[in-house]
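Just so you know, all these numbers are worked out from the coordinates, no wet-lab data involved. Keep in mind the model is a prediction, meaning the values are calculated, not measured. Glycine also receives a Cβ, built like all others from the backbone with ideal geometry; neighbour counts cover every protein chain displayed.
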Amino acid sequence: MLSIKNLHVKLEEEDKQILKGVDLQINAGEVHAIMGPNGSGKSTLSYVLSGKDGYEVTQGEAALEGADLLEMEPEERAAAGLFLAFQYPVEIPGVGNMTFLRTAVNAQRKARGEAEMSASDFLKAVRARAKELKIDAEMLKRPVNVGFSGGEKKRNEIMQMAMLEPKMCILDETDSGLDVDAMKLVAEGVNALRSEGRGFLVITHYQRLLDHIKPDVVHIMADGRIVKTGGPELALEVENNGYGDILAEVA
Ligand code: ADP
Ligand code: MG
Ligand code: MG
């Protein structure tokens, strides 16, 4: 599903190398987690995959189902099936959540050469997803994320994800700043969307999210590289001992 080979990325404005050779293969149906100390390049990886400005790929490849992501505009990446849930979801005053969702769904359909979804089909889909994800109908009527609690914002990201039906979902510290109950809701949302045809990359600083989203593979990132890969036990090792032992072992 997602194939990253020897990815090197520097900042456009400064001569600062941030990713120094990232290799990552995620198959359809798999959930991978990336953990790592602050500043190791986790967010940079998700930004570069989604096509955010300000980064320059100096070496390496990134492909979604064999198609070169790095050649695509951000909206083309989304149309190809990539979804990034942000660490800090943006508030959009004046734009209703339903309008936002419908515009996003139809823009994606258009980019894929598919017909627009009818208003009634859209409503049915929204209601079904909202029910699955335990999202209050009231929340859907409000402007996007305006006045939402941290937990509501994160759940709204999961709602957007559910409506866009991506093939590859990247969640960048979707758990940060959440209390345990809100984090469980995010995890439930992700678990509800897990499927054979869909891959997930869950970036998290803390192990606790991974108690609820059981990853197939856990990677540790440090200083712009993936330095260790293992199973869920690797996340527990980090929880118990921090990153010190792993980083010392790798060094
Ligand atoms: P993580 O998500 O693992 O905490 P980041 O990808 O946010 O790490 O950051 C990796 C490194 O790159 C950090 O040293 C950070 O300060 C730096 N960095 C990332 N983006 C920028 C930017 N736009 N300008 C300056 N430094 C940046
Ligand atoms: Mg950080
Ligand atoms: Mg980050």
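Would you mind telling me which numbered condition in (1) away from ligand 2 (no atom under 16 Å from the Cβ); (2) in contact with a strand residue (DSSP E or B) (Cβ under 8 Å, 6 or more places away or on another chain) residue 45 fails? Residue 45 satisfies all of (1) away from ligand 2 (no atom under 16 Å from the Cβ); (2) in contact with a strand residue (DSSP E or B) (Cβ under 8 Å, 6 or more places away or on another chain) except (1).
Scanning region 183-201 for residues that are among the aliphatic types (A, V, I, L, M) and over 22 Å from residue 64 (Cβ atoms) yields 183, 185, 186, 187, 192. Scanning region 59-73 for residues that are free of Cβ contacts under 8 Å to residues at least 24 places away in the same chain and among the hydrophobic types (A, V, I, L, M, F, W, C) yields 67, 69, 70, 72. Where helices (runs of 4 or more DSSP H) fall entirely within region 95-205, those with at least 2 residues that are of a type in the set (A, V, I, L, M) and more than 20 Å from the chain's Cα centre (by Cα) are at 97-111, 119-132, 137-141. Among the conditions (1) without any contact (Cβ under 8 Å) to a residue 60 or more places away in the chain; (2) more than 16 Å from ligand 3 (Cβ to nearest atom); (3) not hydroxyl-bearing (Ser, Thr, Tyr), residue 177 misses just one, which is (2). Only one entry in 70, 19 is buried (at least 19 other Cβ atoms within 10 Å of the Cβ) and either farther than 24 Å from residue 178 by Cβ or of a type in the set (Asp, Glu) (or both), namely 19.
Total residues in region 212-235 satisfying the condition of being charged (D, E, K, R), surrounded by fewer than 16 Cβ atoms within 10 Å (Cβ to Cβ) and not in a loop (DSSP other than H, G, I, E, B): the figure is 1. Here the condition is being within 16 Å of ligand 2 (Cβ to nearest atom) and closer than 24 Å to residue 102 by Cβ; of 174, 204, it holds for 174 alone. Do the conditions hold for residue 115, that is, is it out of contact with any Gly (no Cβ under 7 Å at 6 or more places or on another chain) and surrounded by 15 or more Cβ atoms within 10 Å (Cβ to Cβ)? For residue 115, the condition - out of contact with any Gly (no Cβ under 7 Å at 6 or more places or on another chain) and surrounded by 15 or more Cβ atoms within 10 Å (Cβ to Cβ) - is not met.
Closer than 21 Å to residue 90 by Cβ and among the aromatic types (Phe, Trp, Tyr): does that describe residue 122? No, not satisfied. Checked against the criterion of being within 16 Å of ligand 3 (Cβ to nearest atom) and either among the aliphatic types (A, V, I, L, M) or in contact with a strand residue (DSSP E or B) (Cβ under 9 Å, 6 or more places away or on another chain) (or both), the candidates 198, 194, 225 yield just one match: 225.
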